[in-house]
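The values are calculated or read from the model by the stated rules, or taken from the named source; none is laboratory data. Note that the structure is a prediction, hence the values are computed from the model and not measured. Reconstructed Cβ throughout: ideal geometry from the backbone, glycine too, with neighbour counts over all protein chains shown. Ligands, DNA and RNA are excluded from the accessible area calculation, which covers all protein heavy atoms including side chains. Shrake-Rupley method; radii C 1.70, N 1.55, O 1.52, S 1.80 Å.
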Amino acid sequence: MGMTMTQKILAAHVDGVKELKAGQLIEANLDLVLGNDITAPIAIKEMEKMNVRGVFDKSKIALVPDHFTPNRDIKSAENCKIMREFAIRNDITHYFEIGEMGIEHALLPEKGLTVAGDLIIGADSHTCTYGALGAFSTGVGSTDMAAGMAIGKAWFKVPAAIRFNLTGKLNKWVSGKDVILHIIGMIGVDGALYKSMEFVGDGIKNLSMDDRFTIANMAIEAGAKNGIFPVDELALEYMKAHSDKPYTIYEADFDAVYDEDYPIDLSTIRPTVSFPHLPENAKTIDEIISAYPEGLKIDQVVIGSCTNGRIDDLRTAALVMKGRKVAKGMRCIVIPATQKIYLEAVEEGLIKTFIEAGAVVSTPTCGPCWGGFLGVLASGERCVSTTNRNFVGRMGHVDSEIYLASPAVAAASSITGVISSPEAF
């Protein structure tokens, strides 16, 4: 019986094993262990309880303070201090402090730390982002992170897989965010529970790397263990431009077993918005305009996050906002995902466009995505956000509402003050 891409990567990281099947329990060797300022301090304290001194490999650990940074309060400052002192004490190679940091899942690929064939765990659920480069990457708890940093291994149950066959080409103003919201709306938030979402098909060549990062990033919102793309010329170009690490390309066997197969014609996907309070509540922009002829009023827009804070996202938003003004009373917050992206946006004039439109621009941070700071919502407020979750209270008050959307829809909505299609501009 053949293996999927994910199963092949896992098998290559298990000592003395050449073949794996869904459901097997394995102990696998890790290529990278990731933590942030929320999860890493817990893992570090767990290592102290284990009486572990040192780490398995100082070059295979990445620590990124990005959730509450720049520090919001004393507690967040103390958490970052724990990380900083641990990184110094253990001479951690990849510790990214303020000024060189970014949102972790945009930063690590940019820094060349994630490549095809890697097995990566991170104490953050959106670690699945790196599947865009043909890696197996998945989120774990802080205790698993502690064990990973200590011994360089982790336990897994080998996931079964679902295959998504992508064909065709996206229309203007439609992006990877619309694709993954469409898919989650189709299969539900538990539609891929502990399974690998494997994206194949000739439509992949029409997706940018930023599209692929976005799609892989939100695999967890369908309950998946990971999301993964095959490695093509575009992925190879990206890795060669960003990394000098060796990589290994794995392809699914022709007789690999998939629990389900879904054909996805990219040309049929419309701008899509997920309504509160689950990502599966997906509606096309046409359905929204029909249901709300006077417009669904919003109070805030957030453009950024590990899902949609990359340079293509900012370019799209700026294209919509250029020469226009954010609606009176509307708050629009733009957050480049890394310092490098921020600088690119400055050099291209995108930041000038945002500020002239009436938006504010922040240093890289996860802050508003999960109600940490910078954009916390009050009771009854509605926000269109390019982030990845719209659970009750996710961005602030339990009576606030979050509408997940692409940068194009978010930017258009900031101009009109209601959920809007960029096609109207």
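Residue-wise test of (1) in contact with an Asp or Glu (Cβ under 9 Å, 6 or more places away or on another chain); (2) hydroxyl-bearing (Ser, Thr, Tyr); (3) modelled with pLDDT of 95 or more.
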{"position": "HIS13", "(1), (2), (3)": "yes, no, yes"}
{"position": "ILE61", "(1), (2), (3)": "no, no, yes"}
{"position": "PRO65", "(1), (2), (3)": "yes, no, no"}
{"position": "ASN71", "(1), (2), (3)": "yes, no, no"}
{"position": "GLU97", "(1), (2), (3)": "no, no, no"}
**Study point:** Options GLY112, GLY131; residue that is on the phi > 0 side of the Ramachandran plot, of a type outside the set (Asp, Glu) and open to solvent by less than 10 Å² (accessible area, probe 1.4 Å)
**Key:** GLY112
**Study point:** Filtered residues of the stretch 260-281 (kept if touching an Asp or Glu at 6+ places or on another chain (Cβ under 6 Å) and assigned to a strand (DSSP E or B))
**Key:** THR272
Check your understanding: Could you count how many residues in the stretch 4-19 are more than 14 Å from ASP259 (Cβ to Cβ) and in contact with a Lys or Arg (Cβ under 8 Å, 6 or more places away or on another chain)?
Key -> 1
Practice item. Would you check which residues across the stretch 115-125 are open to solvent by less than 10 Å² (accessible area, probe 1.4 Å) and not in a loop (DSSP other than H, G, I, E, B) and list them? Key: LEU119, ILE120, ILE121, GLY122
Check your understanding: Identify, please: which residue in the stretch 2-28 is loosely packed, with under 15 Cβ neighbours inside 10 Å and touching a strand residue (DSSP E or B) at 6+ places or on another chain (Cβ under 6 Å) and is, among those, farthest from ASP144 (Cα to Cα)?
Key -> GLY2
Practice item. Can you run down the residue pairs with Cβ atoms below 6 Å, 6 or more apart or on separate chains, where the first is in the stretch 284-298 and farther than 17 Å from SER414 by Cβ and the partner is aliphatic (A, V, I, L, M) and open to solvent by less than 100 Å² (accessible area, probe 1.4 Å)? Key: none
Review point. Restricting attention to the stretch 46-59, and to residues there that are open to solvent by 50 Å² or more (accessible area, probe 1.4 Å) and at pLDDT 95 or above, which single residue is nearest to the chain's Cα centre (by Cα)?
Key: SER59
**Study point:** Selection count where residues are closer than 13 Å to SER142 by Cα and surrounded by fewer than 20 Cβ atoms within 10 Å (Cβ to Cβ), scope the stretch 29-40
**Key:** 1
